[in-house]
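The values are calculated or read from the model by the stated rules, or taken from the named source; none is laboratory data. What you see is a predicted model; the values in this text were computed from it and never measured. FYI the Cβ positions are ideal-geometry reconstructions off the backbone, even for glycines, and counts take in every protein chain you see. Protein only, heavy atoms only, side chains kept; ligands, DNA and RNA dropped before computing areas. Shrake-Rupley method; radii C 1.70, N 1.55, O 1.52, S 1.80 Å.
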Amino acid sequence: MRAPDHPVMTKGDVLLAVENVSLGFGGVKALTDVSFDIRKSEIRAIIGPNGAGKTSMLNCINGFYYPTDGRITFKGVRRPKMRPYEAARGGIARTFQNVALFKSMSTLDNIMAGRSIKMRSNFFWQLFRHGPAIKEEIEHRRFVEEIIDFLEIQHIRKTPVGRLPYGLQKRVELGRALAMEPELLLLDEPMAGMNLEEKEDMSRFIIEVNQQYGTTIALIEHDMGVVMDLSDRVVVLEYGRKIADGTPDEVKRDQRVIDAYLGVAH
Amino acid sequence: MLYREAGQFKTNYVADSAIFPLREDRIGIGLIILAAYALAFLGNSFLLQAVMIPFLVFSLASIGLNILTGYTGLLSLGTGAFMGVGAYACYKLMTAFPGVNVIVWIFVSGFFSAGIGALFGLPSLRIKGFYLAVATLAAQFFLQWCFIRIPWLVNYNVSGALDAPLRTLFGVPIMGPNATPQVRYLVVLTIVILLTWLASNLVHGRIGRMWIAIRDMDLAAELMGIRPLQTKLLAFAVSSYYCGVAGALLVFLWYGGAEYDVFNINQSFFILFMVIIGGLGSLIGSFFGAALIFILPIVLGIVLPAVMSPFGITVGSDVIEHLRFMIVGALIIFFLIVEPHGLARLWQIGKQKLLAWPFPY
Amino acid sequence: MDILYKVFIEPFVFMGEAPDLLIQTLWEGLVSGVLYALIALGFVLIFKASGVFNFAQGIMVVFSALTLVGLYEKGVPAFLALILAVLVMLVLAIVVERVVLRPLVNQPDIILFMATFGLTYFLIGFGELIFGGNPKEMITDALFLPQGTTELDMLGGMVRFQHLDIAAAVIASIMIALLAVFFSKTRVGRALRAVADSHKAALSVGISLNQIWVIVWFAAGIVALVAGIMWGARSGVSFSLQVIALKALPVLILGGFTSIPGAIIGGLIIGIGEKLGEFYWGPLVGGGVETWLAYVIALLFLLYRPQGLFGEKIIERI
Ligand SMILES: Nc1ncnc2c1ncn2[C@@H]1O[C@H](COP(=O)(O)OP(=O)(O)OP(=O)(O)O)[C@@H](O)[C@H]1O
Ligand SMILES: [Mg+2]
């Protein structure tokens, strides 16, 4: 299946629009009437207290959940109800709040697995590991090694990721998402549980990805300092509703945001 | 000092992506294959017929199940039935088209079990874990019923059993009463080596990574663009292909004939046990597991009566069969507790120790 | 057209023409359904309290019955043999807890599931080693189980009720009712339900997790013994009974792993469904469909409703 042809997007165009999206699980309403957009090549932060519906929002964007109401437009095309793998093939990659790596595989294989959708050689060649299959394997290996160098994880290339410390696992997960060469990268709390140094590294990677490749990034993060530094625009959720939207400075001064975070040390 | 990683620098990704990057490993594999062929000329008929041929056949079936359960994480209790599909398909094909060489039909029969396997794999999109295991029981019991109730499958022969007709390769009988254990062993060995090589290529490439991704974290795999249904169905099909070929070999090159009952649920379980004990997700483990589970009763049958006879206790074959069940059952629990990665992991640890020898780490 | 007629019309015409046969078939389905439900309850018991899907439940049915009959054959009086069989199930529960469950705690479900395969094969080998592999008769007389049949004139024909079947249905129903009460009304029962939700809750009732495992496995053992006696009385005691006991698996799939009413209704659907299928549709394909019909029904049902009749829809999270 080929993705439909989209107009070429330039920086600043709306890449993804969320309009009046609501999502419910039985009785629980995780999202209520949320609207915002993500523009090409920006870093868009989604913040909010615990249980505000941030992860649910990402899940809607990449097709893991289908909104009960409202619509999502990606590259100017309204998203039909689709399976998550179709969203991935359409150019959306993500990392997860609780690391979801393939834990028995090595770092290298995890990131290689991220390139599965880019690999084309057929079953027959795979069977004999010859011709296009091995050529492709080497080509993609080269690409993956670039990611590994970029993320500075050469030394754990062959280590099964299950044995890595948490901070490195998060980094491998970012590598795996990057391997998909996504147009839109969704990061769910990429720095949770990290120490200051690790956070600085991760921030650097995020900025570099954004600047070097122009990848659009949607980022959930609790650390306000990080959010203010990294993001171009911020959307704030509380109890499943959007309470503010704007540049970091605007949001920081918004009374409802201050209330929502009152007493919470961030 | 013979087994060393040092000094073998991988200068390019081709070498580093090889399945056996170490020269010693490649030489080792070569030697084992050579020895296996030499055995055909050195071993006696008993060894070949009663030990080696079944060991290879079960190894092949274990590789099949390992692809599904070990690599893709889908538990199946229908292995016996999928083996049966291969055997019955092979029988129909070679009796309907006796002019075509039987080796061709052995390989083709696997496609029939692959198709049936994929069909019964369809529910795997919606159901997981033990629900899926129960669903595969449907395959086991339904297919076994077909083997009994459809006389067409055995060409309406009155005994209802499969028998191996005489078939030759280059004028030498390889199947049927006149085929010597030596020749049959060589045929089985060659087929198993070939199919093992292909399986190894698959699991080390893109497809293998997709299977393992589904096993380790299916939701994340899907969110990375891996199509769950296709990937799982492919695992079912490939796995059943291997089981099907193993089933055909079992009936026609080992037993020389068999009834539907060899494909019963116990067979399914014993193959599963081979996979668990050998190591889930390891091809070499499939051989270890098959060796342990299959050779165990043979060893028991020789050792136990010898040990007990001085005490005036005679050990019948039924006792040995019961002990086999007990020991296998206990081994399963033991391995799941102590080494869930099975004999293959022990093997790997041994090799790593050897690499580092004489230093402990 | 002919085949359509044979599949969709003729069986129902036949049912209407000979209602006595229909009643007979339904009755037999009902009896086996109740027994399936009983075996399935053993699974539910263990699953609810320890999250273990105990594949060995089927073999526990056979093993307990074999112990009872085997002891009797060795000269132990029936009543004593019954008590000893109960004790054996207690020892089994303790051993399983120490040797299998405790070391595997916190392992993925599927590992525990596979461990119960090991247990199954161990018990088969062990039972046959001690009591011999030949099929045995259940000691129906010595346990004062009724025999004989009652024939009732009904709907223009004769319907036969085996007294044993009536007893089986009654005893199994009582057993099921007792378990239901045990779960919902007693302190231990509530604690058992609590562990399914949270281990702390159980501790607060003053029972350790390990004790709870022993209790549920013992309870499941007794359920197995009762099922084994009843089923053994109907069709002899041998490990081929295992195949019948496995039918509890499709029952569970229909009913859901955690629901007692689910197990009962699932048991009845499977029991009656397969008897009707065998009697009215089986001849079309040469008979013997009983061996797989239950699984196929369960499979089709799974495709439609993966969470079972009473289970809640599972929404996956990531
Ligand atoms: N699969 C589900 N089934 C039922 N309720 C759910 C499900 N997923 C999320 N919820 C509920 O939806 C609400 C929003 O959850 P979500 O995980 O999106 O919050 P979040 O903003 O990511 O919080 P956190 O900062 O803790 O990660 C919560 O009340 C949660 O319990
Ligand atoms: Mg979240």
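Using the Cβ atoms and a cut-off under 13 Å, what net charge is assigned to the surroundings of A:Asp13, where Lys and Arg are +1 and Asp and Glu are -1?
Summing Lys/Arg as +1 and Asp/Glu as -1 gives +1.
Rounded to whole Å and sorted largest first, list the principal axis extents of the Cα atoms in the protein assembly as shown.
Extents along the principal axes, in whole Å: 89, 72, 66.
Any chance you could look up the accessible area of C:Ser184 with a 1.4 Å probe, heavy atoms only, rounded to 10 Å²?
Counting only protein heavy atoms, C:Ser184 exposes about 50 Å² to solvent.
Rounded to the nearest 100 Å², what is the sum over both chains of accessible area buried where B meets A, with a probe of 1.4 Å?
When B and A are taken together, about 3400 Å² of accessible area is lost.
By the scheme Lys and Arg +1, Asp and Glu -1, what is the net charge of all other residues having a beta-carbon under 15 Å from that of B:Gly279?
+2
Hey, what's chain B come to in accessible area per residue, 1.4 Å probe, Å²?
On a per-residue basis, 40 Å².
When ligands, DNA and RNA are left out and all protein chains stay put, how many square angstrom of accessible area per residue does chain A have with a 1.4 Å probe?
Per residue, chain A has an accessible area of 44 Å².
Computing the accessible area with a 1.4 Å probe over protein heavy atoms, can you report the carbon and sulfur percentage for segment B:32-356?
It is 72 percent, rounded to a whole number.
Would you mind giving the average projected area, over all directions, of the Cα convex hull of segment A:79-181 in nm² with one decimal?
Orientation-averaged projected area of the Cα hull: 7.4 nm².
Suppose we compare each residue of segment B:317-332 in its chain alone and in the full protein complex with a 1.4 Å probe; which ones drop by at least 10 Å² of accessible area?
B:Val319, B:His322, B:Leu323, B:Phe325, B:Met326, B:Gly329, B:Ala330, B:Ile332
Compute the accessible area per residue over chain C, keeping the other protein chains in place, probe 1.4 Å, unit Å².
Per residue, chain C has 42 Å² of solvent-accessible surface.
Total accessible area buried between chains B and C, 1.4 Å probe, in Å² to the nearest 100?
Buried area between the two chains comes out at roughly 4000 Å².
What value, in deg cm²/dmol to 500, does the helix sum -39500 (n - 2.57) over DSSP H runs of n ≥ 4 give at 222 nm once divided by the residues of chain B?
That comes out to -22000 deg cm²/dmol.
Check which residues have an amide H placed less than 5 Å from C:Val289's amide H, if you skip close sequence neighbours.
So C:Val289 has HN proximity to no qualifying residue.
Taking segment B:28-73, how much of its Cα-Cα pair set, in percent, is spaced more than 13 angstrom apart?
65
Of A:Glu86, A:Glu250, which has the most accessible area with a 1.4 Å probe, and how do the rest follow in descending order?
I get A:Glu250, A:Glu86, largest accessible area first.
Would you please classify the overall shape of segment B:32-356 from the alpha carbon gyration tensor, given that a ≥ b ≥ c denote the square roots of the eigenvalues, rounded means a/c under 1.5, and beyond that prolate means a/b larger than b/c while oblate covers the rest?
Since a/c stays below 1.5, the shape of segment B:32-356 is classed as rounded.
Leaving ligands, DNA and RNA out of it, rank A:Thr107, B:Thr314 by accessible area with a 1.4 Å probe, largest first.
B:Thr314, A:Thr107
Leaving out ligands, DNA and RNA, and with a 1.4 Å probe, what % of the accessible surface on segment C:21-247 is carbon or sulfur?
Ligands and nucleic acids excluded, carbon and sulfur give 66 percent.
Any chance you could get the radius of gyration and Dmax over the Cα atoms of segment B:221-292, in Å?
Rg and Dmax of segment B:221-292, Cα atoms, are 15.1, 49 Å.
For C:Ala233, what charge total do you get from the other residues with a beta carbon under 11 Å from its beta carbon, if Lys and Arg give +1 and Asp and Glu give -1?
Residues close to C:Ala233 contribute a combined charge of -2.
Indicate the gyration tensor shape class of chain C (rounded, prolate or oblate), computed on the Cα atoms with a ≥ b ≥ c the square roots of the eigenvalues: a/c under 1.5 is rounded; otherwise a/b larger than b/c is prolate and the rest oblate.
Here chain C falls in the oblate category.
How much solvent-accessible surface does C:Met114 expose, in Å² to the nearest 10, with a 1.4 Å probe and all protein chains in place?
Roughly 10 Å² of C:Met114 is accessible to a 1.4 Å probe.
Per residue of segment B:148-163, in order, report the coupling 6.51 cos²θ - 1.76 cosθ + 1.60 (Karplus, θ = phi - 60°) as ³J(HN,Hα) in whole Hz, putting x for Gly and Pro.
So the Karplus estimates, Gly and Pro as x, are 6, 8, 10, x, 4, 4, 10, 6, 6, 6, 5, 6, x, 9, 8, 10 Hz.
For a test of the definition: using alpha carbon positions, the gyration tensor, and the 1.5 limit on a/c, classify segment A:109-266 as rounded, prolate or oblate.
Cα axes put segment A:109-266 in the prolate bin.
Here are some pairs, A:Lys11/A:Lys75; A:Lys40/A:Lys170; C:Lys74/C:Lys136; which of them have Cα atoms lying more than 20 Å apart in this structure?
Too far apart for the 20 Å limit: A:Lys40/A:Lys170.
Using only the Cα atoms of segment C:1-121, what semi-axes does the equivalent ellipsoid have when each is the square root of 5 times a gyration tensor eigenvalue? Give whole Å, largest first.
40, 24, 11
Order B:Leu219, C:Leu68 by their accessible area, 1.4 angstrom probe, all chains in place, largest first.
Highest to lowest solvent-accessible surface, that is B:Leu219, C:Leu68.
Give me the mean projected area, in nm² to one decimal, of the convex hull enclosing the Cα positions of segment B:233-361.
It is 11.8 nm².
I'd like the carbon and sulfur percentage of the solvent accessible area for segment A:92-181, probe radius 1.4 Å, heavy atoms only, ligands and nucleic acids excluded.
53
Using all alpha carbons of chain A, what is the percent of pairwise distances in each 10 Å bin, ordered from the shortest bin to the longest?
7, 29, 35, 22, 7, 1, 0
Work out which residues of segment B:224-261 lose at minimum 40 square angstrom of accessible surface when the other protein chains are put back, relative to the chain isolated, with a 1.4 angstrom probe, and list them by number.
By number: B:Met224, B:Gly225, B:Arg227.
Give the separation of the Cα centroids, segment B:240-265 to segment B:128-189, in Å.
4
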